[in-house]
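These notes concern the structure reproduced below.
The values are calculated or read from the model by the stated rules, or taken from the named source; none is laboratory data. Keep in mind the model is a prediction, meaning the values are calculated, not measured. Cβ sites come from the backbone with ideal geometry, for glycine too, and all protein chains shown count toward neighbours. Keep in mind that these areas ignore ligands, DNA and RNA; they rest on the heavy atoms of the full protein, side chains included. Shrake-Rupley method; radii C 1.70, N 1.55, O 1.52, S 1.80 Å.
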Amino acid sequence: MIRKATVADAEGIARVHVDCWRTTYKDIISEKFLTNLSYEQRTKLWVNNISRKNDSVFVAVNDDEKIIGFTSGGNVKLGEYQGYDGDVTSIYILKKFQGLGIGKKLLKRLFTEFESLNFHSVIVKVLEENKSCHFYEAMGAEIIDSTSIKMADDNLKLLVYGWEDIST
């Protein structure tokens, strides 16, 4: 089930966030950085994100109401990527639940929210080495830019994907 996140979900989102970073970015980002990720710090981050007026956060929960994935997004930063309204800032699903269509459902739910806010075009930034690039391409996104990003001691390539019209 996909539903809008509440502040009470922050701890569950934080657990998925940290666990996904440790599996998704293993061999991409330094092990030291990934080991130092903290559930407590990410919980505080997600309390803030969920509480922010202009952010949209949705969770995927299993039959036991345990959070197994989430997505978030909001406005594109002012002056960034002219012609694009929304920004998918995160989408993570626990490894054992990937490949079941949950990511597609989360993204569609976020896009529905974006359309209600009159967002018609959306970006998402993805590390080039992240296997989820194929997911965004399968969902109709196209690369519109690439840039470099420094995370800990790593210099990484960041791809920017865009959907010019999310209604399609």
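So which residues in the range 79-117 are farther than 18 Å from Ala138 by Cα, among the small types (Gly, Ala, Ser) and surrounded by fewer than 19 Cβ atoms within 10 Å (Cβ to Cβ)?
Gly79, Gly83, Ser116
Counting only residues that are modelled with pLDDT under 95, loosely packed, with under 14 Cβ neighbours inside 10 Å and charged (D, E, K, R), give me the strands (runs of 3 or more DSSP E) lying completely in the range 118-168 with at least 1 of them. Spell out the reasoning first.
Numbers: elements: 122-127, 142-151, 154-163.
Per the criteria, 142-151, 154-163.
Return the pairs, sorted by first residue and then second, in which the second residue is open to solvent by less than 20 Å² (accessible area, probe 1.4 Å) and in a loop (DSSP other than H, G, I, E, B), the first residue lies in the range 29-42 and is under 22 Å from Glu11 (Cβ atoms) and touching a residue at least 60 places away in the same chain (Cβ under 8 Å), the beta carbons are less than 9 Å apart, and the residues are 6+ apart or on different chains.
Hits for this filter: Phe33/Tyr25.
Going through the range 44-75 one residue at a time, which ones are out of contact with any strand residue (DSSP E or B) (no Cβ under 7 Å at 6 or more places or on another chain) and among the aromatic types (Phe, Trp, Tyr)?
Correct list: Trp46 only.
Restricting the search to the range 24-34, which residues are within 15 Å of the chain's Cα centre (by Cα) and open to solvent by 30 Å² or more (accessible area, probe 1.4 Å)? Explain how you work it out, then say what you get.
The first filter runs over the range 24-34 and keeps only residues within 15 Å of the chain's Cα centre (by Cα), leaving 24-25.
Across the range 24-34, the qualifying residue is only Thr24.
List the pairs whose first member sits in the range 59-74 and is charged (D, E, K, R), whose second member is open to solvent by less than 10 Å² (accessible area, probe 1.4 Å) and in a loop (DSSP other than H, G, I, E, B), and whose Cβ atoms are under 7 Å apart, counting only residues at least 6 apart or on separate chains?
none
Does any residue in the range 1-12 that is farther than 15 Å from Ile91 by Cα come within less than 7 Å, Cβ to Cβ, of a residue that is of a type in the set (S, T, N, Q) six or more places away or on a different chain, and which pairs are these?
Qualifying pairs under 7 Å: Val7/Ser51; Glu11/Thr43.
Under the condition of being small (Gly, Ala, Ser) and farther than 20 Å from Tyr25 by Cα, which residue from the range 146-168 is farthest from the chain's Cα centre (by Cα)?
Initially, the range 146-168 is screened for residues small (Gly, Ala, Ser), giving 146, 148, 152, 162, 167.
Subset that is farther than 20 Å from Tyr25 by Cα: 162, 167.
Numbers: Gly162: 14, Ser167: 19 Å.
Filtering first and then ranking leaves Ser167.
Under 9 Å between Cβ atoms, at least 6 apart or on separate chains: pull out the pairs that start in the range 123-145 with a residue that is under 15 Å from Ile29 (Cα atoms) and end on any residue that is among the charged types (D, E, K, R) and assigned to a strand (DSSP E or B).
Leu127/Lys157; Glu128/Lys157; Glu129/Lys157
So if I check each of Ile13, Ile93, which one is out of contact with any Cys (no Cβ under 9 Å at 6 or more places or on another chain) and β-branched (Val, Ile, Thr)? Give the steps one after another, and end with the answer.
On the way: Ile93 fails: out of contact with any Cys (no Cβ under 9 Å at 6 or more places or on another chain).
Exactly one residue qualifies, and that residue is Ile13.
Quick one: would you say Ile67 is in contact with a Gly (Cβ under 8 Å, 6 or more places away or on another chain) and surrounded by 16 or more Cβ atoms within 10 Å (Cβ to Cβ)?
The answer is yes for Ile67.
Please enumerate the residues belonging to the range 1-32 that are farther than 21 Å from Asp63 by Cβ, in contact with a strand residue (DSSP E or B) (Cβ under 7 Å, 6 or more places away or on another chain) and not hydroxyl-bearing (Ser, Thr, Tyr). Reasoning before the result, please.
First, pick out the residues of the range 1-32 that are farther than 21 Å from Asp63 by Cβ: 7, 10, 14, 17-18, 21-32.
Next cut, in contact with a strand residue (DSSP E or B) (Cβ under 7 Å, 6 or more places away or on another chain) only: 17, 28-30.
His17, Ile28, Ile29, listed by residue number.
Please go through the range 66-104 and give me each residue that is at positive phi and among the aromatic types (Phe, Trp, Tyr), ordered by number.
Tyr81
Kindly evaluate Val16 against the criterion of being in a strand (DSSP E or B), at pLDDT 95 or above and in contact with a Phe, Trp or Tyr (Cβ under 9 Å, 6 or more places away or on another chain).
no
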